[in-house]
Amino acid sequence: MRYPMVYDKTQREFGGMGLAVLEAAQNVKVRQVVNGEYTLSFVLPHTAEGRQYVREENIVLADGQAFRVRSFENVRDDVGKLVSNVQCEHISYDLNDVRHLPKMNDIINVTPKEVFVTGFSDGRTNYNGLLQGTPFTLECAVDGATDLFLYKTSPRAVLNQFLKDLGCEAVYDNWAVSLVSRRGNNNGVQFRLGKNLQSVKRKTDSAGLITRLYPYGDAYLDITSVNSGKAYIDSPLIGLYDYVHENYMDFDGVNVPSALKAKGIEQWSTEDRDGVDKPKVTYEVSVLELKKLSEYAAFEGFSLGDTVRVIDEALGIDVNARILEYDYYPYEPLKSSVVLANFKENAGGVFAELLKTQKLVSQLVTRKGQINDAFIESVQRTMQMKFSAAMTKKTVIHDYADVWVDDADNPAAAIALVDGMFALANAKKPDGSWNWRTIGSGGRLVADEVVSSWVYAGVIDASQINAGTINTNRIKLKSNDGRLEIAGNKITMTANNAANTALTMDPADGVRYTHSYDALGRPLKTTAFDVSGAGILYYEYDTSNPNEEGTASYCQYLNAVYMDQIGGGTSDPQTFNIPIYGPVWADSDRTPKVMVTPDETLRFVRADGGHVNDLSQYRCGVTSVTRDSQGIVVRVESWKTYVYSISGGSPTYRTGSLKFNILVILA
């Protein structure tokens, strides 16, 4: 159809002409941003046929996509004619309010398919998929899962959390949502001056440049334990600038130092993508869309997410960049514009400014919505300073008790101040005296009931605490018999037996089971399971000091583990010799066991056609394991033959390196 059409707000199928065909619509523009905006705007004269149907919530179909009318502005144009500026949002925006979700918290290790389609659980209750009962569907072509800790949210916000945590992208086709690792292709399209390039503007921004990165995970985790004691990593490009640009990045949900270091390294630039160690470069390009001319349609098409080549010899521009923003006029091929870049933000367009606010909030609360203790302590210090400043004003000092009541003739509540204490009462006893339910001093507060949105206290001593959620990262709970203690994020359980065997769980030390103690209560034998592996600790002591830590001998169940991700780059080889050296690896009494697996999506060319990067064949396997005086050398063959480009329906193949995971253990 050469014009947009308007349908009733309840319409789900778009056959026929709808309520009206908007032939008089002008400047019909669709704006799309990767993982961001998807909107439609147009100008409609007041005299236009069908204008009466363009009202809030009705649906406008443009370029095969449904957009919901959200607002319109009636104005008089330059020649005095009345027109309406109409603003519409893609139908996928209905995910913002198709249902309200009071909470989506404590939902651990779930996939998008589970949350939106098949169903999920928070460990207590089973829930249907969020899209059940709605017209929306979801297909997921990405692997991975995440944890959800969201409150007062919507399906769209949950979807955005998956986009962020899994590093994937969303493709919207009316009510169908698809999650892909990266949308778009590289079809060899060029934007060239004199051909289809009308104007180009190059913008650079080095405000966020980082060449020395401090990565942090959950609970302030750093990488010192796996990075020679250093909490930072340096970019290979650190020497290109006149000083070291230091900054940090938070990686929520990462609690293993080696994984945290890998996340940090991923932020550096590669051949395919610019990272935080390069200034951000964007190109704003106005193009003539030759794909709308039948003779060019087969080989000049491009869309959001595609990689294209921009050439302007006079400006010295010849770059490959990705279309991250796309403003196009589906019925006017002369006006389209794109924004290209070799980097991707978490959000685009109007959502970019929200990132600044999100960063501020993330400093005040943890991933689970808990308030950081450091922030609460800051509030406490501020209140103390304000109160001390107020006390410098004129004050009246009493050496006798004061009692204030709400009504002198018929009091129902009272506050008493006496001997440096205060007391509160909201009722009297049968004998007529006040029932002081809350008493406080400079040292403590005692009350038979406290109802509050939040309570700050160093120690809470109570016979019973009723709470839906206790948010803190410094909590200590202990049973009366002392056999169960929860201190911070460490749990200790002691058995009621002669040996007093004990089990402790701690994210830093892992899980530890102490089999036996000496006469002074010091551990003698402990089974440990932590990030370094599993084994048994045997302790020896030199003194009779019960606080001596002792010397531990460690017998590891797995003597050594090596893991890495290798290959996949354009300059990487197809056969790799991987040396694994060290004293334990040089021990000829130990037998290495090796496993390699591809770390790329294996999508094969089909008989009815294919896509760029589809595979025709691949190889990923271990060809040999040899040993020398320093350790072992693993030889891996890992390559793929894939579709490099498609022209006229015929694919061109190339053979290159295949990215793979390797796991080596000494049993």
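The values are calculated or read from the model by the stated rules, or taken from the named source; none is laboratory data. None of these values were measured; they are calculated from a predicted model. Every residue, glycine among them, receives a Cβ derived from its backbone with ideal geometry; neighbour counts consider all protein chains shown. Ligands, DNA and RNA are excluded from the accessible area calculation, which covers all protein heavy atoms including side chains. Shrake-Rupley method; radii C 1.70, N 1.55, O 1.52, S 1.80 Å.
Packing around the peptides 210-217, 246-253, taken as the average count of other Cβ atoms within 10 Å per residue, puts them in this order, highest first: 210-217, 246-253. For segment 140-236, just say rounded, prolate or oblate: build the C-alpha gyration tensor, square-root its eigenvalues into a ≥ b ≥ c, call rounded for a/c under 1.5, and beyond that prolate if a/b exceeds b/c, oblate if not. The shape class here is oblate.
Rolled with a 1.4 Å probe across the full set of protein chains, the surface gives LEU179 an accessible area near 0 Å². Length gained on full extension, LYS9 to ALA141: 44.4 nm, using 0.36 nm per residue less the C-alpha separation.
Placing unit charges on the Cβ atoms of the charged side chains and taking the dipole of segment 92-231 about its Cα centre, the candidate lying farthest along the positive direction among ALA157, THR125, GLN190 is GLN190. Spin-label model, LYS593/VAL403: points 7 Å from Cα along the beta carbon direction are separated by 7.9 nm. Here are some pairs, LYS593/LYS659; LYS103/LYS261; LYS9/LYS103; LYS490/LYS525; LYS29/LYS280; LYS113/LYS490; which of them have Cα atoms lying more than 25 Å apart in this structure? Beyond 25 Å: LYS103/LYS261; LYS9/LYS103; LYS29/LYS280; LYS113/LYS490. Which of rounded, prolate or oblate describes segment 73-132 when judged by the alpha-carbon gyration tensor and an a/c cut-off of 1.5? In terms of gyration-tensor shape, prolate. These residues, VAL177, VAL79, VAL98, go from largest to smallest accessible area, 1.4 Å probe, as VAL79, VAL98, VAL177.
With protein chains left intact and a 1.4 Å probe, residues in segment 74-203 average 51 Å² of accessible area per residue. Only protein atoms count toward the accessible area here, which uses a 1.4 Å probe; on segment 83-193, the carbon and sulfur part of that area reaches 45 percent.
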